[in-house]
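The values are calculated or read from the model by the stated rules, or taken from the named source; none is laboratory data. Only a predicted model underlies this, so the values are computations on that prediction, with no experimental measurement involved. Ideal geometry is used to build each Cβ from the backbone, glycine not excepted, and the neighbour counts take in all protein chains shown. For the accessible areas, the whole protein counts, side chains as well, though only heavy atoms, and no ligand, DNA or RNA atoms are used. Shrake-Rupley method; radii C 1.70, N 1.55, O 1.52, S 1.80 Å.
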Amino acid sequence: MTRPLVFAAIAALASASLAAGATAPREASPAEPPMVFTRPLRLAECIDLALRNNIPLRVARADLARAHGGYVSSLAKFTPVLSGGASQQHTTDRLAAADSSGPLPEERTVSEKHVMSGGIRQEIPGGLKLDVTQELGPDDALPSKSRNRQFQATATQPLLRGAGLTASMADLRGATYDEKAAEADFRDLERQTILDVKLAYYAAIRDVELLRVAQSTLNADSLLVEASNAMVEAKVASRRDVLSARIRLADDLSTVVAAERDELGSLDALKDVMGIPLETTVAISDTSLDAHIVTLDETKLVQRVIATHPSLESAAFAIRRSRLDLTVAQNARLPQVDLQASYFQDFGQKFDTGDIGRGSGWIASVNLLYPLFDRSAEGDAIARRAELAQAKDRLKILERQLTLRVREIVRTVRSSAEEIKAIQQTIDAADDKLQFATAMFNLGRASNLDITDARSDLVSARTKMVKKLVDYNGQLALLESLTGEPVGR
């Protein structure tokens, strides 16, 4: 091979530098199963799939439905309860008597009674209980006909234990707090799911980009091997250059294999977060990341997180629930003093004699129940007081943790932005170094070691850039999951 042909090969080698998009994406092997999706997925589509199919999110949705069921069940305390009954009694009495003349005819007495009753019971917020009953009977059909009617209305109002809106509505309020806390926990898990999808998507982009860098390096080093062979044949290079190029090419092959493995693993992680079958073939449409340099106001971000984060809202409802439980426990330590008042009416009529009887009246009473040594109520009050203190401390801990996370994210984002600028300068310098080494190699003043050294610096810088961009965007995604809104987008 003449020297111009050698220079032509070297020129082809120089054109295979590590510019972004130097190689085309890999095509699917014919042996791979057919894709379920007709096109690569965008990040928004992955998030939508996860919100509908993510398995932990479905479990949390069932917990939310269960909490709502508890709230619905608590409403039963203040709904009216109807009661009713009916009975019929038939009795035959036989009496056999005897005198001096012998046995007398047997006397038989048949009686029939009918009883019907109905009532309604209603508990009213505040502890008042109302019971209204109406009885029709017992009515005698035999041996003589009679009619009986009874009506009674009773009101029972606790004065100490169980009195007041707080004690009487504790179950309803507690179920309400539980449902609100479950709703907040579900929103928190939704944010976490969106964050997991973003991180998995960014990880897939990272691995796709690193695979492209590895493939581009492999292509360039394969050309370097060919150029080194050509220069050996032209007596302008030694076999050492060829061996060095081959060693570099073997390392590139190993890097490509590892990058392909990492890409498949990141796609599996993305499918797992989305909740779709793991055997599904997916691809991502966004294969590059940009550094959206943003300005962050740490104070406002902390205030936003403390004011709106669902986990803090859930912890606040836990405090309200604990405070309610303590109030109920303290109320249970009081004596049971109930004021009861009843009004009744009676009506009776005998058809054989025509007698009619009417009556009405009222009864008022005070009932007292007081356990002398109620250790159970005392112990429950102590436990509830400790639970309230714990709930308050958990809220403070959570607020501090979220504040620390925001402060750490802000520092990381700022430092990452500076690192990205520095890495870009390194990339520019490494690219210039590669071009210079290639030019000197073309002039015969450098060996291929100079080219591989320059390319190694460029590959290292591009790899750092890809990882740093993924880390930078991941930190912004984490901040968005905390604030619940886009950050500087």
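Assorted remarks:
- Calculated FRET value between E279 and I124, using beta carbons and R₀ = 56 Å, to 0.05: 0.40
- For the stretch 184-214 versus the stretch 372-403, the inter-centroid distance based on Cα atoms is 38 Å.
- Summing Cβ point charges (Lys, Arg +1; Asp, Glu -1) relative to the Cα centre of the stretch 181-242 gives a dipole of roughly 420 debye.
- Modelled label reach - T166, point 7 Å along Cα→Cβ, the stretch 121-148 residues with backbone N closer than 15 Å: 126-127
- The label-point distance for L136 and A62, in a model that sets each label 7 Å from Cα toward Cβ, rounds to 4.9 nm.
- A simple spin-label model places pseudo-atoms 7 Å from Cα toward Cβ; at D393 and D48 they are separated by 4.7 nm.
- Measuring nothing but how far apart in sequence close Cα pairs (under 8 Å, 6+ apart) lie, relative to its length, the chain scores a relative contact order of 21 percent.
- FRET efficiency, K421 to E233 (Cβ-Cβ, R0 60 Å, nearest 0.05): 0.85
- In Hz, Karplus ³J(HN,Hα) per residue of the stretch 243-255 (6.51, -1.76, 1.60; θ = phi - 60°; x = Gly, Pro): 5, 4, 5, 5, 4, 4, 5, 5, 4, 4, 4, 5, 5
- Where labels lie 7 Å past Cα in the beta-carbon direction, separation of R333 and L368 in nm: 2.1
- Dipole-positive endmost among A76, L223, S87 within the chain (Cβ charges, Cα centre): L223
- Among beta bridges that DSSP assigns inside the chain, antiparallel share in %, nearest 5: 100
- For the chain, the solvent-accessible area of protein heavy atoms averages 57 Å² per residue (probe radius 1.4 Å; ligands and nucleic acids excluded).
- Here the gap between M116 and A86, fully extended at 0.36 nm per residue and compared with their Cα-Cα distance, gives a gain of 10.4 nm.
- Charge tally in the Cβ shell below 9 Å around Q152, where Lys, Arg are +1 and Asp, Glu are -1, Q152 excluded: -2
- 17 Å reach of a label modelled at T79, 7 Å along Cα-to-Cβ, counting backbone N of the stretch 104-137: 120-125
- Accessible surface, 1.4 Å probe, highest first, among residues I194, I409: I194, I409
- Charge context of A141, other residues only, Cβ under 9 angstrom, K/R +1, D/E -1: -1
- Note on D374: accessible area approximately 60 square angstrom, rounded to 10, probe 1.4 Å, nucleic acids and ligands left out.
- With a 1.4 Å probe rolled over the protein heavy atoms of all chains, the accessible area of L199, L324 falls in the order L199, L324, largest first.
- Per residue, the average separation of C-alpha pairs within less than 8 Å and at least 6 apart gives the stretch 188-294 a relative contact order of 42 percent.
- Accessible surface ranking that places the most exposed of H114, H90 first, with a 1.4 angstrom probe: H90, H114
- Computed over the Cα atoms of the chain, the ratio of the radius of gyration to the Kirkwood radius (Rg/Rh) comes to 1.36.
- Label-reachable residues, the stretch 351-393, where backbone N falls under 13 Å from a point 7 Å from A341's Cα toward its Cβ: 362-366
- Computed about the Cα centre, the dipole magnitude for the chain is approximately 1120 debye when only Lys and Arg (+1) and Asp and Glu (-1) carry charge, each at its Cβ.
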